[in-house]
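Undergrad: Structure below; questions to follow.
The values are calculated or read from the model by the stated rules, or taken from the named source; none is laboratory data. Nothing here was measured: the structure is a model prediction, and the numbers come from that model. Positions of Cβ are backbone-derived with ideal geometry, glycine not excepted, and every protein chain shown enters the neighbour counts.
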Amino acid sequence: QLNSLAVAAGLKYFGTAVGESAVSSDSAYMAIVNNKNELGQVVAENGQKWDATEPSRGSFSYTQGDIVPKVAKANGQYLRCHTLVWYSQLPSWVSSGSWTRATLQSVIETHISNVMGHYIGQCYAWDVVNEAIADDGTWRDSVFYKTFGTDYLALAFNAAKKADANTKLLVAYYNDYNLEYNGAKTDRAVELVGIVQKAGAPIDGVGFQAHLIVGSTPSRSSLTTVLKRFTALNVEVAYTELDIRHSSLPASASALVTQGNDFANVVGSCVDTTGCVGVTVWGFTDKYSWVPNTFSGAGDALIYDKNLVKKAAWTSISSVLAAK
Ligand code: G3I
């Protein structure tokens, strides 16, 4: 089972995102989620995001956000928490407000201290800042960047550490996608870690979302090279949202084998990198995935099929972990 194999291979966990609505509606799905030997870590797919936790200013709600942490607690699984400062799923009172630096700073600090305070002691890691960089390597033009330039990065990490001052357990992450290709976006993420560190703010980890494409996934050694650029900066790394989509469906038998090799390369690169703590798939079954809603015609990006049967990708991952 994947988490047991991952732990034996030296990782902290192999885990998954869990969609809030499936928790109460799909018992076959939950039987897999609740198997800690298979999935040693969970993360809420949507419930802890700003639009769910602070839909209007100063009014906090944790009904959705508590669903997956409760699962983690019942099963004794690691909980990754996602996410605090992100341009998307950001309520319009934040994204469309016209802010001075001082007011938006106070809004961010209030959000972080409330949400982190609610989950204190429960999260192994928080994605403190998510997706601050555009795919071409420029800074993403969010309300945060418009108001602060890059100063909001250190501001957010400082606020997170302050909220966690009593337990000091928190591993504070920067999290983004398309860092796997070692291009301009990756260079900018390296710069981001430096900016936060130079400002004296605590950043402990970089999350590689790894929303990848079958047949275009970098090799195990290229991926290892990229991970090591970050561990060289004294931060840990993890794959935080792994899925590898077929560009067209149905997938052929050979495409399913390629998908398995691609998954094995990603997981193998984590095993090969001291300081890579774990792998999280962004859902484990093709029954539920954000991919077809965003990339029309693409999908089947996960390791169990729509009937909750293990795919070739599952077997490839188990082999690469067992080989360690
Ligand atoms: O909850 C509402 C429901 O009430 C409504 O009837 C329905 C109609 O569209 O929408 C539901 O909300 C959807 C939500 O998922 C829950 O299913 C949103 O429209 C939809 O936009 C949202 O998509 C999520 C997406 O983030 C939004 O950006 C995906 O589930 C989630 O997997 C995805 O996750 C992100 C990570 O957080 C960050 N990295 C990229 C990753 C994939 O996009």
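Undergrad: Within region 142-158, is even one residue surrounded by 22 or more Cβ atoms within 10 Å (Cβ to Cβ), out of contact with any strand residue (DSSP E or B) (no Cβ under 8 Å at 6 or more places or on another chain) and not acidic (D, E)?
TA: yes
Undergrad: I need the full set of residues from region 48-90 which are closer than 17 Å to V107 by Cβ and touching a strand residue (DSSP E or B) at 6+ places or on another chain (Cβ under 7 Å), in order please.
TA: Scanning region 48-90 gives K49, T83, L84, V85, W86.
Undergrad: Report yes if some residue within region 219-235 is closer than 16 Å to V128 by Cα and outside any helix (DSSP H, G or I); otherwise report no.
TA: yes
Undergrad: Name the single residue that is farthest from the ligand (Cβ to nearest atom) among those in region 101-123 being touching a helix residue (DSSP H, G or I) at 6+ places or on another chain (Cβ under 8 Å) and closer than 15 Å to K146 by Cβ.
TA: Only one residue tops the list, namely R101.
Undergrad: Also: Just one of (1) modelled with pLDDT under 95; (2) within 18 Å of Q209 (Cα to Cα) trips up V267, so point out which.
TA: V267 satisfies every listed condition except (1).
Undergrad: Could you grab me the full set of residues in region 93-108 that are surrounded by fewer than 17 Cβ atoms within 10 Å (Cβ to Cβ) and within 23 Å of the chain's Cα centre (by Cα)?
TA: Answer for region 93-108, where residues must be surrounded by fewer than 17 Cβ atoms within 10 Å (Cβ to Cβ) and within 23 Å of the chain's Cα centre (by Cα): just S95.
Undergrad: Among (1) within 13 Å of the ligand (Cβ to nearest atom); (2) under 21 Å from G278 (Cβ atoms); (3) not in a helix (DSSP H, G or I), where does V68 come up short?
TA: Result: V68 fails condition (3) only.
Undergrad: Could you look through region 203-217, keep only residues that are more than 16 Å from the chain's Cα centre (by Cα) and buried (at least 20 other Cβ atoms within 10 Å of the Cβ), and pick out the one that is farthest from T150 (Cα to Cα)?
TA: Looking at the filtered set, the residue picked out is V214.
Undergrad: Moving on to the next point. Does region 248-263 contain any residue that is under 19 Å from the mean Cα position of the chain (by Cα) and under 20 Å from N178 (Cα atoms)?
TA: Within region 248-263, one or more residues are under 19 Å from the mean Cα position of the chain (by Cα) and under 20 Å from N178 (Cα atoms).
Undergrad: May I pose another question? Name every residue in region 1-49 that is over 15 Å from the mean Cα position of the chain (by Cα) and within 16 Å of the ligand (Cβ to nearest atom), in order of residue number.
TA: Within region 1-49, E20, S21, A22, V23, S24, S25, D26, Y29, V33 meet the criteria.
Conditions tested, residue by residue: (1) of a type outside the set (F, W, Y); (2) crowded, with 17+ Cβ neighbours inside 10 Å.
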position: A238; (1), (2): yes, yes
position: I244; (1), (2): yes, yes
position: S247; (1), (2): yes, no
position: W282; (1), (2): no, yes
position: T285; (1), (2): yes, yes
position: V291; (1), (2): yes, yes
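Undergrad: I'm checking my understanding of the structure. Among residues of region 6-63 that are in a helix (DSSP H, G or I) and touching an Asp or Glu at 6+ places or on another chain (Cβ under 8 Å), which one is surrounded by the most Cβ atoms within 10 Å (Cβ to Cβ)?
TA: So the residue we want is E20.
Undergrad: I need the full set of residues from region 238-286 which are part of a loop (DSSP other than H, G, I, E, B), away from the ligand (no atom under 16 Å from the Cβ) and farther than 19 Å from S4 by Cα, in order please.
TA: Of everything in region 238-286, those that are part of a loop (DSSP other than H, G, I, E, B), away from the ligand (no atom under 16 Å from the Cβ) and farther than 19 Å from S4 by Cα turn out to be S247, S248, L249, P250, A251, S252.
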